[in-house]
Amino acid sequence: MVQFVAAPAESLAPVDADGFWPQVALLSQLGYWGIHLACLLALFAGPSAVDLALCAGLVALRMFGITGGYHRYFAHRAYRTGRAFQFALAWLGCSALQKGPLWWAAGHRRHHRNSDREGDLHSPREGFWYAHQGWIFDPRWGATEVDAIRDFTRYPELLWLNRWHLVPPVATAVLCFAIGGASGLLWGFAVSTVVLWHLTYAINSLAHVWGRRRYETGDDSRNNWLLGILTLGEGWHNNHHHFMASARQGFFWWEVDVTYYVLRALAALGVVWDLREPPARVVDDSRAAQAALSHPTPNSGS
């Protein structure tokens, strides 16, 4: 299992990765709840075919920005790519309105270091609501943990995007309006963004309380087939916590992992390379664990 260890702060130059955003947290919260409230307008504005296409397409595309970009690339470095596509992944992830790539990936590395223990950003042990979305309003997690993501702070374009993470979603909203007018903005941007938020949050909350555990990982992570489908493969969460460095989270052929399929297609085109796979011992461990559950060894003391 790969662990990410923060470098000693005193040995590294300070980096401003957030700009002025930590000082305007209230404004961000108003925007967050404002987008939720805007979705109520959908009750009075039935979508057109164009609106539905925009909504579904932007949920899927931006979900990949989170799963294939923010998560498997920036947080776990599960594959390699060039600098241009690295920026494209960061832009796409930003368009999902989940802050910048450095903030997201650094926080996720913290989650793995402290999963379901003190220091975890979003453990359901602190309450289901907190794990689902309450944590994003906690001032402890508002700033980017620069020392946990030094491998990417050396790219000035990523630092710029982390500071100005609202640029991609604003551009996305403008595009939706240009294509579909007010209803395109409502369905293509607001509704799809809220759906995307809560699907992502469900991995932090539901995937730690609902599902099956194949591995003993020291936390509460679970595999959930429904979340696996809805989040392009992220629902195989117990697999992921067992071997987080893998670009493939559905370890078996029946565990649908659309993000991995897309990465394989991109690898075939030469856009990404060196996809990390779960080694054979991980599969063997899984089969041994399942066999032990199916045929438990009698307790010698019974």
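Rule-based calculations on the coordinates, nothing more; no lab input. Given the structure is predicted, the values throughout are model-derived calculations rather than measurements. Here the Cβ is made from the backbone with ideal geometry for all residues, glycine too, and neighbour counts use every protein chain on show.
Some values worked out for this structure:
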quantity	calculated
Cα-centre dipole for the chain with unit charges at Cβ (Lys and Arg positive, Asp and Glu negative), debye to 20	420
Fewest-first ranking of R214, R77, using other Cβ atoms within 10 Å as the exposure measure	R77, R214
Percent RCO, i.e. relative contact order, over region 23-289, from Cα pairs under 8 Å lying at least 6 residues apart	22
Among Q29, Q249, Q133: highest mean-square fluctuation, GNM of the chain, C-alpha pairs under 10 Å	Q29
Cα gyration tensor of the chain - equivalent ellipsoid semi-axes, whole Å, descending	32, 24, 20
Extended-chain gain in nm, criterion 0.36 nm per residue less alpha-carbon gap, Q133 and R154	4.5 nm
In degrees, nearest ten, helix 83-94 long axis to first principal axis of the chain (Cα)	80
Distance-filtered residues of region 106-136 - backbone nitrogen under 18 Å, label point 7 angstrom along V15 Cα→Cβ	106-111
Charge context of R72, other residues only, Cβ under 14 angstrom, K/R +1, D/E -1	+2
Residue with peak Gaussian network fluctuation, the chain [Cα springs, cutoff 10 Å], from G107, G142, G46	G46
Inter-label distance, nm, simple model (7 Å from Cα along the C-beta direction), L52/L40	2.6
Net +/- balance of residues flanking D219 in space, Cβ distance below 14 Å, scoring K and R +1, D and E -1	+1
Estimated vicinal HN-Hα couplings, Hz - region 227-238 in sequence order (Karplus 6.51, -1.76, 1.60; Gly, Pro = x)	5, x, 6, 5, 10, 6, x, 6, x, 7, 6, 5
Candidates L92, L166, L26: whichever shows maximal mean-square fluctuation once the chain is modelled as a Gaussian network with Cα springs under 10 Å	L26
Dipole in debye (nearest 20) - region 25-157, about Cα centre, beta carbon charges: Lys, Arg +1; Asp, Glu -1	460
Mean ellipticity per residue at 222 nm, deg cm²/dmol - from DSSP H runs of n ≥ 4 across the chain, formula -39500 (n - 2.57)	-14000 deg cm²/dmol
V272 long-range amide H proximity, modeled H, under 5 Å	A267
0 to 90° range, to nearest 10: angle between helix 49-64 axis and the chain longest Cα axis	50
For G107, net neighbour charge (Lys/Arg +1, Asp/Glu -1) across residues whose Cβ lies under 12 Å away	+2
Cα centroid of region 127-157 to Cα centroid of region 160-209, whole Å	18
Added length on full extension, which subtracts the Cα-Cα distance from 0.36 nm per residue, L226 to V256	9.8 nm
